[in-house]
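Asker: Got a structure here, written out as structure tokens. Questions coming.
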Amino acid sequence: MSVWIPLVAVTAFWLLVGAGGPLLVPSGPNRGIIQTMIVLTAVCCHMFWIIVYLHQLNPLIGPQIPVKTILWIHERWGDAKGELVSK
Amino acid sequence: MCLTQLFLQNEAAYACVAELGELGLVQFRDLNPDVSAFQRKYVKEVRRCDEMERKLRFLEKEIKKDSIPMLDTYENPEAPQPREMFDLEATFEKLENELREVNQNEEMLKKNFAELTELKHILRKTQQFFEENEGERQALDSLAMEDAPSHHDGTKLIAEREGQPKPHLKFVAGVIQRERLPAFERLLWRACRGNVFLRQSEITEPLTDASTGAPVNKAVFIIFFQGDQLKTRVKKICEGFRATLYPCPDTPQERREMSIGVMTRIEDLKTVLGQTQDHRHRVLVAAAKNVRMWMTKVRKIKAIYHVLNFFNLDVTQKCLIAECWCPVTELDRIQLALKRGSEESGSTVPSILNRMDTSEAPPTYNKSNKFTQGFQNIVDSYGIAAYREINPAPYTMITFPFLFAIMFGDLGHGTIMLLAGLFLVLQEKRLEAARIKDEIFQMFFTGRYMIFLMGCFSVYTGFIYNDAFSKSFNLFGSSWGNIFPFPLDEKAREQAITNLGGLEASPMLIPEKAYSGEPYPIGVDPIWVLAEANKLNFLNSMKMKAAILVGIAQMTFGIILGYHNFKYFNSKLDILYTFIPQIIFLSCIFIYLCLQVIMKWIAYDAAGGYSVLGYFYPSSNCAPSLLIGLINMFMMKSRDDGFVDGNKYCNTSIPPGKPGGCNMVGLCHLNNWYPGQSFFETIFLLTAIACVPVMLFAKPYILWKEEKQRQLSGHTQLVQV
């Protein structure tokens, strides 16, 4: 479920920027260019974010971390939910 | 863009061209292409402008030599009238002559000054020599008087030759460069067989060489000898070593008088020299105020006459005809400019602008301002678009910095780049006026908006890569956690650590247990920066897939822009034989690859144990390899279908062979992973291969056939006639 929250939130944000931004541009000789730039920025940034997000959605490998760093993680960030395994 | 003809009165032509030049919206065509440069109508005026430019450049050089700052106002002086050109020419001529004269005088004065300074030193030093030598001379006299054999060959010779009781030594005095002195001495001694006597003393302060202006160290010398032959020989040697000889009086009183005279002359010269330099400085300062403005004016005049050379004189010799390309939307402004020009020149007949119909392709004009200019230049360097084609520059304004940022991607370095770009942008007026000639700086300055945008996007991609000077932030809480038990009891903890392999070992936090199931919301999870062993495995795979997706998206976007071009020009030929094969080729191979990437992301996870697209997926080691899959597609290799035997549910924890366990089919990450994959891939490959000859040959063949048809029908028409 909470896989969707960031997805919807960020997509909605860039959608707002990409669709609403062009309407806010003051009229002048450069209106068209600024609108193009806003839309392209929204598209590029959103696409890049979603690529990184999807890549981390179902990771096939995990990080190989030195044991002393794992001890630090154990103390500062906490353990994973579920049962702990001994190697 | 339309082709227009301008009819200008002879008197009004200059002013009209000046006004059009200020507008900058018109491209003139050369109506006299086969006339050489020397036969053009206004070649004399252009030559005069060249002369004026040369004089101005000479002035600028002199001003720079004296380090006077040249005033640069930002105003744009208007092109002066033709009659003003005579005034300008006269001013420049006067200035140039004055400066040359002053320079010449200064050089002469400096030379005199140098000579007088050397003379002063000589007089001072020779006083010493003569005092010392008086004693020796008296000794020599006494020796000669005694008539005893002496070891001094010189005196014996002198006594025998002259037969006089008191030998009278002659001398020459001069100044020579210090470095040449030893060789000079040696040569003198050898050539005169030791019959000359040299005394020398260094001048402590360095003198300035008149021609080069560099300081040189000199020494005063005085040579004593007797006889005229020796004198000529000594003089020749001095000439050879470029030593300057000075007439030095014999008696001390004369020397003293000369010294005083020399000092007064030196003082006088110093004053005159000072005044000359002051005068020169004043002239240059007065000129420096206007030099830049004059340069602009002269350049404008030259440009106007250059353009006037393009014009054609009509039959009645009363007016000039010009042809130019103008944008249709700006015709009003051009008309206004022409009216202004005619009024200024006081001509009664107005200039006429006449639109012409032509089938020629007009030149491409892309409107740009200071922001878009940089990007337009980059796009133009690949090739200027044909008339009325879509200008790709507005899109590159974002995609170019964005692709740079994907490669650069660091919050810290991105911020530095952003600040640098911001500085250049905010200070652009000042930096432009400073007229820095350094090429590298100019490169950065023209690209200042690009650098600013690249910095902005680099900050964003740096945030997504979670990379600030190679350190990460943990803003939302990592999605990965520790999976190994570390009991609080000391001994048990030690045991646990040993079980893992010691403090330096690097076990993997397997995703089935360590990963919480929800990815880090924005960016790369901060745990990866701690995983020194296999961080690159993960990040490289991510960046490669990002590159493929972004790159192919951009290629598709480009092809679709091309499609819009074809639609605008109603070129069915292009749509059928260029656009459609291109898009089919792209989709069959690369968009198919992109879809595979997205599918693998969404459907295949670490644990496995469910069916995907009809095939049972047991565990992550069966996740399909995309790269090798693509290679196998091209090689049309036959592969097994599915991952496990029988394609039914199996339990990976039970070893293979036992009931319920998994029997993988071959190397399961290389197998087909959806039913019908071999069939579809073969179709895609063959379609893509079929598109290639269509893209290469279809359009040229059809154009060639049309051309032949045209020739044929042209021939038949001729025959009929």
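Asker: Restricting attention to the range B:327-341, and to residues there that are closer than 19 Å to B:PRO362 by Cβ, touching a residue at least 60 places away in the same chain (Cβ under 8 Å) and among the charged types (D, E, K, R), which single residue is surrounded by the most Cβ atoms within 10 Å (Cβ to Cβ)?
Answerer: B:GLU330
Asker: Working only within the range B:667-721, note down all residues that are touching a Cys at 6+ places or on another chain (Cβ under 6 Å) and either among the hydrophobic types (A, V, I, L, M, F, W, C) or in contact (Cβ under 8 Å) with a residue 60 or more places away in the chain (or both). Spell out how you get there, then give the answer.
Answerer: Going through the range B:667-721, the residues touching a Cys at 6+ places or on another chain (Cβ under 6 Å) turn out to be B:668-669, B:684, B:687-688.
Correct list: B:CYS668, B:PHE684, B:THR687, B:ALA688.
Asker: Report whether or not B:ILE589 is under 25 Å from B:GLY551 (Cβ atoms) and surrounded by fewer than 17 Cβ atoms within 10 Å (Cβ to Cβ).
Answerer: Taking the combined requirement at face value, the residue does not satisfy it.
Asker: Pick out the one residue from A:ILE33, A:ILE61, A:ILE51 that is touching a helix residue (DSSP H, G or I) at 6+ places or on another chain (Cβ under 7 Å), modelled with pLDDT of 90 or more, in a loop (DSSP other than H, G, I, E, B) and hydrophobic (A, V, I, L, M, F, W, C). Show your work before the answer.
Answerer: Numbers: A:ILE33 fails: in a loop (DSSP other than H, G, I, E, B); A:ILE51 fails: in a loop (DSSP other than H, G, I, E, B).
Criteria check complete, one pass: A:ILE61.
Asker: Suppose we filter the range B:317-351 for residues that are farther than 12 Å from B:GLN5 by Cα, of a type in the set (S, T, N, Q) and in a loop (DSSP other than H, G, I, E, B); how many remain?
Answerer: Residues that pass the stated criteria total 3.
Asker: Examine the range B:535-548 for a residue that is part of a helix (DSSP H, G or I) and farther than 18 Å from B:ASP467 by Cβ, and state whether such a residue exists.
Answerer: Taking the range B:535-548 first, the residues part of a helix (DSSP H, G or I) are B:535-548.
Still in the running and farther than 18 Å from B:ASP467 by Cβ: B:548.
Yes: one or more hits.
Asker: To continue, here is another question. Which members of the range B:481-495 meet the condition of being within 7 Å of another protein chain (Cβ to nearest Cβ) and either buried (at least 17 other Cβ atoms within 10 Å of the Cβ) or assigned to a helix (DSSP H, G or I) (or both)? Outline the logic, then answer.
Answerer: If we filter the range B:481-495 for residues that are within 7 Å of another protein chain (Cβ to nearest Cβ), which is where we start, we get B:481-486.
B:GLY481, B:ASN482, B:ILE483, B:PHE484, B:PHE486, listed by residue number.
Asker: For the range B:576-588, check the following and say yes or no: at least one residue is under 30 Å from B:ASN651 (Cβ atoms), in a helix (DSSP H, G or I), under 44 Å from the mean Cα position of the chain (by Cα) and not aromatic (Phe, Trp, Tyr). Can you show your working first?
Answerer: Step one: list which residues in the range B:576-588 are under 30 Å from B:ASN651 (Cβ atoms), which gives none.
Checked against the condition, which is being under 30 Å from B:ASN651 (Cβ atoms), in a helix (DSSP H, G or I), under 44 Å from the mean Cα position of the chain (by Cα) and not aromatic (Phe, Trp, Tyr), the range B:576-588 yields no hits at all.
Asker: Working only within the range B:496-513, note down all residues that are under 16 Å from A:GLN56 (Cβ atoms) and assigned to a loop (DSSP other than H, G, I, E, B).
Answerer: Listed by number, the residues that qualify are B:LEU509, B:ILE510.
Asker: Taking only the range A:17-72 into account, find how many residues are buried (at least 21 other Cβ atoms within 10 Å of the Cβ) and more than 9 Å from every other protein chain (Cβ to nearest Cβ).
Answerer: Final tally of qualifying residues: 1.
Residue-wise test of (1) surrounded by 15 or more Cβ atoms within 10 Å (Cβ to Cβ); (2) assigned to a loop (DSSP other than H, G, I, E, B); (3) at pLDDT 85 or above.
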| residue | (1), (2), (3) |
| --- | --- |
| B:ALA18 | yes, no, yes |
| B:LEU25 | yes, yes, yes |
| B:LEU56 | yes, no, yes |
| B:LYS61 | no, no, yes |
| B:PRO80 | yes, yes, no |
| B:LEU88 | yes, no, yes |
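Asker: Mind checking which pairs have a first residue in the range B:90-118 that is modelled with pLDDT under 90 and a second that is among the polar types (S, T, N, Q) and outside any helix (DSSP H, G or I), Cβ under 8 Å, 6 or more apart or different chains?
Answerer: Pairs that qualify, where the first residue is modelled with pLDDT under 90 and the partner is among the polar types (S, T, N, Q) and outside any helix (DSSP H, G or I), are B:LYS110/B:THR208; B:ALA114/B:THR208; B:GLU115/B:THR244; B:GLU118/B:THR244.
Asker: A follow-up question, please. If you check B:MET664 against the conditions, is it more than 20 Å from B:MET695 (Cβ to Cβ), crowded, with 17+ Cβ neighbours inside 10 Å and in contact (Cβ under 8 Å) with a residue 40 or more places away in the chain? Give the derivation first.
Answerer: On the way: more than 20 Å from B:MET695 (Cβ to Cβ): yes; crowded, with 17+ Cβ neighbours inside 10 Å: yes; in contact (Cβ under 8 Å) with a residue 40 or more places away in the chain: yes.
So B:MET664 fits the description; yes.
Asker: Looking at the range B:514-534 only, could you name the residues that are farther than 18 Å from B:TRP601 by Cβ, within 7 Å of chain A (Cβ to nearest Cβ) and part of a loop (DSSP other than H, G, I, E, B)?
Answerer: Looking only at the range B:514-534, we keep the residues that are farther than 18 Å from B:TRP601 by Cβ, and these are B:514, B:526-527, B:529-534.
Within this subset, residues satisfying the condition of being within 7 Å of chain A (Cβ to nearest Cβ) are B:514, B:527, B:530-531, B:533-534.
Selection gives B:ALA531, B:ALA533, B:ASN534.
Asker: A:VAL8 versus (1) more than 8 Å from chain B (Cβ to nearest Cβ); (2) touching a helix residue (DSSP H, G or I) at 6+ places or on another chain (Cβ under 8 Å); (3) β-branched (Val, Ile, Thr): which is the lone unmet condition?
Answerer: (2)
Asker: Look at the range B:304-316 and say how many of its residues are of a type in the set (Val, Ile, Thr) and in a helix (DSSP H, G or I).
Answerer: Final tally of qualifying residues: 2.
Asker: Quick one: which helices (runs of 4 or more DSSP H) lie wholly within the range B:352-430 and hold at least 1 residues that are within 12 Å of chain A (Cβ to nearest Cβ) and crowded, with 18+ Cβ neighbours inside 10 Å? Break it down into steps so the answer makes sense when it comes.
Answerer: On the way: elements: B:370-382, B:393-408, B:411-426.
Qualifying helices (runs of 4 or more DSSP H): B:370-382, B:393-408.
The values are calculated or read from the model by the stated rules, or taken from the named source; none is laboratory data. Everything numeric here is computed off the predicted structure, so don't read it as measured data. Note that each Cβ is placed from the backbone with ideal geometry, even for glycine, and that neighbours are counted across all protein chains shown.
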